[in-house]
1. Give the stretch 300-315 a look and list any residue that's open to solvent by 70 Å² or more (accessible area, probe 1.4 Å), over 24 Å from K270 (Cβ atoms) and either touching a Lys or Arg at 6+ places or on another chain (Cβ under 6 Å) or among the charged types (D, E, K, R) (or both), or say none.
2. Quick check on the stretch 214-258: of everything there that is of a type in the set (A, V, I, L, M) and open to solvent by less than 20 Å² (accessible area, probe 1.4 Å), which residue is farthest from K405 (Cα to Cα)?
3. When you look at Q107, is it in contact with a His (Cβ under 9 Å, 6 or more places away or on another chain) and without any contact (Cβ under 8 Å) to a residue 24 or more places away in the chain, yes or no?
4. Evaluate the stretch 285-308: report whether one residue or more is free of Cβ contacts under 8 Å to residues at least 12 places away in the same chain, within 29 Å of K403 (Cβ to Cβ) and not hydroxyl-bearing (S, T, Y).
5. Does A202 satisfy the criteria of being open to solvent by less than 10 Å² (accessible area, probe 1.4 Å) and within 30 Å of L428 (Cα to Cα)?
6. Give L318, L277, L297 a once-over and let me know the one that is open to solvent by less than 10 Å² (accessible area, probe 1.4 Å), within 28 Å of A392 (Cβ to Cβ) and more than 23 Å from the chain's Cα centre (by Cα).
7. Counting just the residues of the stretch 321-340 that are closer than 18 Å to L395 by Cβ and assigned to a loop (DSSP other than H, G, I, E, B), which one comes out most open to solvent (accessible area, probe 1.4 Å)?
8. List the number of the failed condition for F222; all other conditions in (1) among the hydrophobic types (A, V, I, L, M, F, W, C); (2) closer than 23 Å to I81 by Cβ; (3) modelled with pLDDT of 95 or more hold.
Amino acid sequence: MHPRILPRPGQEPSLRYLYTLLMYLATPLIVLRLLTRGMRYGNYHQRWPERFGIFKAPDLRGSIWVHAVSVGEVNAAEPLIKALRQDYPEAPLVVTTVTPTGSARVQQLFGDSVFHVYLPYDLPFSVHRFLKQVRPRLALIVETEIWPNLYFGCYRRGIPLMIVNARLSGRSLRGYAPMRALLRSALRCVRQIAAQSRTDAARYRLLGADPALVTVSGNLKFDMPVPDGALEGGEMFRQQWGRLRPVWIAASTHEGEELAVLEAHLEVLKRIPDALLLIAPRHPERFRLVEHSVRSLGFTMAMRSADRVPGESHQVFLIDSMGELMPFFAASDLAFVGGSLVPIGGHNVLEPAALSRPVLVGPHTFNFEEITLALIRGGGAKRVLQSEALGAEVLRLLQDETKCKQMGQQARVVFDSERGAVGRVMALIDRMLQE
């Protein structure tokens with residue numbers, strides 16, 4: 001065991017005991033939340049024992065375990081998981097998520113080629129059961145998930161733990177301040193932190209990570225493949241709703257953004273009456289609310305679940321489905337990426353960039369700050385500082401086909417220039433497994 005990852009004695013155990021006590025006290029609320037989620041997400045209630053480490057599993061000895069909290073992290077991990085399957089075909093692959101939508105995305109991408117289970121709550125007995133069943137030779141945590149009991153559980157069993165595609169926003173760093181001593185001890189159980197950027201690496205060091213164990217590997221999302229058939233699917237959509245129609249997409253929107261997007265589209269329709277808006281709320285539980293908003297504003301609309309594709313007469317198309325945005329990005333002239341007009345921190349701007357589509361974002365992009373800034377500096381994206389300005393910006397690009405295509409091409413140039421993170425992370429993994 002590397003001496004630098006030994007937890008500091010003294011202060012750490014008492015903090016962890018207090019943290020664990022609070023987790024146990026919160027257990028009734030946790031169970032209530034599970035029951036609530038079970039009502040919203042079909043069979044989720046049937047799988048809640050997994051959150052306490054109770055599940056049936058095949059023989060997973062020597063597995064490689066990848067944890068990706070939700071859809072965005074699963075998408076980021078896709079090229080890495082495929083590389084692991086290729087380079088370590090003998091090792092069972094375990095993928096954990098926290099959310100039902102993340103679970104569905106794992107199934108959609110990998111089917112039965114990986115074993116999926118929900119991550120246990122950070123209670124000692126749950127962690128013990130989970131690790132006893134999974135028995136990984138390596139644990140890979142994607143992006144930002146620091147669970148002290150889980151980390152210490154891996155450390156005690158000699159399981160190398162690595163944070164890949166690590167990111168840490170300034171907001172999260174400030175939010176961690178009350179727990180910094182505990183998290184510093186947890187991070188000493190980590191063998192390697194492969195950060196997305198220099199800024200993320202610096203923040204992990206400030207949080208207490210050993211500087212010698214933090215490297216910058218780049219963002220895995222730049223290595224994500226364009227799904228087979230995405231471009232063809234986009235072309236098919238355009239043929240069905242009108243090949244020459246101006247089309248824009250508002251992707252991963254949140255409460256407080258959908259109304260701004262719909263008002264922007266009203267502004268666009270005044271000048272371009274045949275324009276089409278595709279809107280994809282981030283969370284499934286918002287589908288009905290967004291449908292109501294669209295209808296109440298008088299738009300003619302279609303829905304993915306009911307109509308599959310919009311017709312020439314529809315003004316708004318609600319994408320009330322998960323995991324199929326890429327063909328719709330391909331079918332659009334430009335993309336607004338949500339979570340950025342409200343202080344959520346923004347979502348993945350790389351998917352439209354990979355398809356050579358210009359990107360619009362709001363002022364709040366701290367979750368993807370460096371990527372967003374790279375696209376803006378490279379001319380592939382533009383920031384809209386106020387929701388009231390969104391309609392004018394969309395209209396400007398839809399009316400200037402040359403500018404729109406030029407921005408899309410520049411977005412793709414930035415995307416291509418940042419690729420290679422998977423290879424760098426795999427080199428770190430190979431070295432760790434050899435040790």
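1. Quick first cut of the stretch 300-315, residues open to solvent by 70 Å² or more (accessible area, probe 1.4 Å) only: 305-308, 312-313.
Still in the list and also over 24 Å from K270 (Cβ atoms): 305-308.
D307, R308, listed by residue number.
2. Going residue by residue through the stretch 214-258, those that are of a type in the set (A, V, I, L, M) are 214, 216, 220, 224, 226, 230-231, 236, 244, 247, 249-251.
Then keep just the ones that are open to solvent by less than 20 Å² (accessible area, probe 1.4 Å); that gives 214, 220, 224, 230, 247, 249-251.
Numbers: V214: 39, L220: 26, M224: 22, A230: 18, V247: 13, I249: 15, A250: 18, A251: 19 Å.
Among those that are of a type in the set (A, V, I, L, M) and open to solvent by less than 20 Å² (accessible area, probe 1.4 Å), it is V214.
3. Values: in contact with a His (Cβ under 9 Å, 6 or more places away or on another chain): yes; without any contact (Cβ under 8 Å) to a residue 24 or more places away in the chain: yes.
For Q107, the condition - in contact with a His (Cβ under 9 Å, 6 or more places away or on another chain) and without any contact (Cβ under 8 Å) to a residue 24 or more places away in the chain - is met.
4. no
5. Numbers: open to solvent by less than 10 Å² (accessible area, probe 1.4 Å): no; within 30 Å of L428 (Cα to Cα): yes.
Against the criterion (open to solvent by less than 10 Å² (accessible area, probe 1.4 Å) and within 30 Å of L428 (Cα to Cα)), A202 does not qualify.
6. On the way: L318 fails: more than 23 Å from the chain's Cα centre (by Cα); L297 fails: open to solvent by less than 10 Å² (accessible area, probe 1.4 Å).
Being open to solvent by less than 10 Å² (accessible area, probe 1.4 Å), within 28 Å of A392 (Cβ to Cβ) and more than 23 Å from the chain's Cα centre (by Cα) holds for just one of L318, L277, L297, which is L277.
7. D333
8. (3)
The values are calculated or read from the model by the stated rules, or taken from the named source; none is laboratory data. Since the structure is predicted, the reported quantities are computational estimates derived from the model, not experimental observations. FYI the Cβ positions are ideal-geometry reconstructions off the backbone, even for glycines, and counts take in every protein chain you see. When the accessible area is computed, the model is the full protein with side chains, heavy atoms only, and any ligands, DNA or RNA have been set aside. Shrake-Rupley method; radii C 1.70, N 1.55, O 1.52, S 1.80 Å.
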